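Heads up: the structure comes next, in C-alpha cells.
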Amino acid sequence: MYHAPEFTDPDDLRIASRELNSRRPWLDPGEQVPYGHVLHAAAQLRWSPAAVVSRLTALGYADIERTEASLPGTVGLDDIPLIRDVSARYGPVWLDVGKQVSLRQVLESAGWANRAPADVARRLTALGYRLGGEGRPLPESPHPGDATLLGTGSGHYRTWLDWGDEVPAFQVLGAARDLMCSPYAAACRLIALGLRLPYTPEPDDELILRSSGHHGGSWFYGDPPVGHILAVAQELGRPPADIAARLTELGCGRPVVPDTPEADDLTILSENLDGRRPWLVKNTVVGLQSRHILSAALATGRSPADIAGRLAELGHWLHENANLPAVADEADIRLLETVDRSFLDNVHLEHVLRSAGLTGRSPADVASRLTALGHRLPDEVDYPEVRASLATS
C-alpha cells in the first residue's frame, strides 16, 4: 500500500495514488487495480478509460480489473458517486465490476444524485456494469425514498431486498410508515421497481387501510377496529368479510366481523356514539368500559345487557368483575367518567373523594354505587354521608 513510485510525472503520480491526489497511499503494483479507480482517474484527468489503462500498464501495473464489455468512451465526475459501493463501511470502495450490481446500489445512488433509477441503471450499464432485473425497465422518475422500500430490520440485522424478490405484506406497511406515504403508493412503487408482492395493489386499499386518526389519520399496522371495517364495507358496498380478508392480505390482522351487520353496530362501535370514527379499539387487558356500554344503551334505547352482548359478538368483552345495571342511568355515566381505575385496579379513598367532589355526591353514596357496579374498594373506611359540596362550603 505504501509502495513509492519511481516516476515523477505529475499525471503519473496522480493516477498512481489511491485518492488521485499525488500522495500516498499508492497503488501497489503487486495488487489488482480496481476498475472503479480507472474510471475515477479518467473522470478526474479527463482522459478516456482506455488511456488510463494504457498508462497504468506502462507504469508497471499489470493486473487491472476489466469489464466484460468494452470500455466507455468518456467518464464524467457525476458518474463517480454511482460506482462507489453503498454497502462499504469504510473508504471509497468501488463496485466489483465482475458482480451484478444490487438494486439497492442503483436506488441509493439515484437518491443521492436525485436521478431516476432508470437513468442510473442505463449509466451503470454504459460504464460496463451488469444489472439484474432481466432487463425490466425501472421508473423514469426519481423518488428519494426508493432505497428505504428495500430495507427490513435495523442496525446489524438490516437486510435488503434485491432484483425480483418478493416483498412481505408487512414490509410494505412498514415502508409506508417510514416514508409517511400510503401503503398503496408504496406497493405500486415496489412493483415499478421490479419487486413482487403477495397481492395486487387496488385503489380501494387507500380507504381500507386508512385508520381513524386519534393522531390525525394514519395507516393500520395491526388489528383494525371492527367499526372501521363495517364503515368501509358500507361505503364501498362490499361485505364486511371481504374487507376483513383484504386487510389480512395487506398485512393486517383479521378481527371477527359479523355476517349481517345490525343497524346500531356503527353507533355502539364509535367512541363518540355518532357512527363515525374514532372507532372503539379492542382492549385485551381490561375489556370494555362500563360507561361506554351505558352511554350506548341510552343512545340506542337498548338495555346495557343487550349492548354488551352485541359488542361481545363484535369481538369486545366485558371484564368479569363488571356489574351492569338493568337500566342505563345518566348519573352512573357521570360517576364512571370521574373514575380512572379499571376493574383490575383497587379504588381507594382518594379516588372516592375525587369522584364525590366532581359529582356532588356524598363519599358514602359514591363508594356504595361503585361497589354495586363491580369496582373493588378494599379500604375499611367509614365514608361520610355528607355531600362534597356541603362539606367544602
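If you roll a 1.4 Å probe over the heavy atoms of the protein chains, what accessible area per residue do you get for segment 212-347, in Å²? Can you show the working numbers first?
On the way: 6490 Å² over 136 residues.
That works out to 48 Å² for each residue.
How far, in degrees from 0 to 90, does helix 363-372 lean away from the longest principal axis of the Cα atoms of the chain, to the nearest 10?
Helix 363-372 sits roughly 70 degrees off the main axis of the chain.
Using each residue's phi in segment 336-348, evaluate 6.51 cos²θ - 1.76 cosθ + 1.60 at θ = phi - 60° and report the 3J(HN,Hα) Karplus result to the nearest Hz, with x for Gly and Pro.
Along segment 336-348, the couplings run 5, 5, 8, 9, 9, 10, 8, 6, 8, 9, 7, 9, 9 Hz.
Given the -39500 (n - 2.57) contribution per DSSP H run of 4+ residues, what per-residue ellipticity at 222 nm results for the chain, rounded to the nearest 500 deg cm²/dmol?
Numbers: 18 runs with 160 residues, N = 393.
Mean residue ellipticity at 222 nm (helix-derived): -11500 deg cm²/dmol.
Rounded to a whole number, what % of the accessible area of segment 247-377 do carbon and sulfur atoms account for, probe 1.4 Å? Spell out each step's value before the answer.
Numbers: 2910 of 6240 Å².
Carbon and sulfur atoms account for 47 percent of the accessible area of segment 247-377.
Find the Cα radius of gyration of segment 267-393, compare it with 2.2 N^0.38 Å by division, and give the number to two decimals. Each step should come with its number before you reach the end.
Values: Rg = 15.2 Å, N = 127, 2.2 N^0.38 = 13.9 Å.
Ratio of Cα Rg to 2.2 N^0.38 Å: 1.10.
Quick one: order Cys252, Cys181 from most to least accessible surface, probe 1.4 Å. Walk me through the numbers on the way to the answer.
Values: Cys252 10, Cys181 35 Å².
Highest to lowest solvent-accessible surface, that is Cys181, Cys252.
Taking H placed 1.01 Å from N in the peptide plane, check which residues at least 5 places from Arg376 or on another chain put their amide H under 5 Å from its amide H.
Under 5 Å from the amide H of Arg376 lie the amide H atoms of Val347, each far enough along the sequence or on another chain.
Compute the long axis of helix 240-249 from its Cα atoms, compare it with the longest principal axis of the Cα atoms of the chain, and write down the angle in degrees, 0 to 90, nearest 10.
That works out to roughly 30 degrees.
Using a 1.4 Å probe on the protein chains only, how many percent of the accessible area of segment 96-144 belongs to carbon and sulfur? Intermediate values should be presented prior to the final figure.
Numbers: 1200 of 2450 Å².
Accessible surface attributable to carbon and sulfur in segment 96-144 totals 49 percent.
How far is it, in nm, from the label point at Glu166 to the one at Ser154 when both lie 7 Å from their Cα along the line to the Cβ?
Result for the modelled spin labels: 2.8 nm.
Val33's amide H: which non-local residues (gap 5+, or another chain) put their own amide H closer than 5 Å, with H modeled 1.01 Å from N in plane and none for Pro or chain starts?
Asp63, Ile64, Glu65
Starting at the first residue of segment 27-37, write each ³J(HN,Hα) from the Karplus equation 6.51 cos²θ - 1.76 cosθ + 1.60 with θ = phi - 60°, in whole Hz, x for Gly and Pro.
Going residue by residue, I get 5, 8, x, x, 10, 6, 7, x, 4, x, 5 Hz, with x marking Gly and Pro.
Determine, at each q value in 0.13 (inverse angstroms), the log₁₀ of I(q)/I(0) that the Debye formula gives when each Cα of segment 87-138 is one equal point scatterer.
-0.29
Using the Karplus curve 6.51 cos²θ - 1.76 cosθ + 1.60 with θ = phi - 60°, what ³J(HN,Hα) values do you get for each residue of segment 260-265, in whole Hz, with x for Gly and Pro?
So the J values, rounded to whole Hz, are 10, x, 9, 4, 8, 4.
Can you give me the long-range amide H partners of Ser48? Hydrogens built in the peptide plane at 1.01 Å from N, cutoff under 5 Å, separation of 5 or more residues or another chain.
Counting only residues 5 or more places away or on other chains, the set is empty.
Answer rounded, prolate or oblate for the chain, using the Cα gyration tensor with square roots of eigenvalues a ≥ b ≥ c: rounded when a/c is under 1.5, else prolate when a/b is larger than b/c, else oblate.
Values: a/c = 4.97, a/b = 2.72, b/c = 1.83.
Prolate, since a/c reaches 1.5 and a/b exceeds b/c.
At 7 Å along the Cα-to-beta-carbon direction for both Val286 and Leu236, put a label point, then send me their distance in nm to one decimal.
Placing both labels 7 Å beyond Cα along the Cβ direction yields 3.5 nm.
The values are calculated or read from the model by the stated rules, or taken from the named source; none is laboratory data. In this text the structure is predicted, and so the values were computed from the model without any measurement. A quick note on method: Cβ atoms are made from the backbone with ideal geometry, for glycine too, and the neighbour counts reach across all protein chains shown. Protein only, heavy atoms only, side chains kept; ligands, DNA and RNA dropped before computing areas. Shrake-Rupley method; radii C 1.70, N 1.55, O 1.52, S 1.80 Å.
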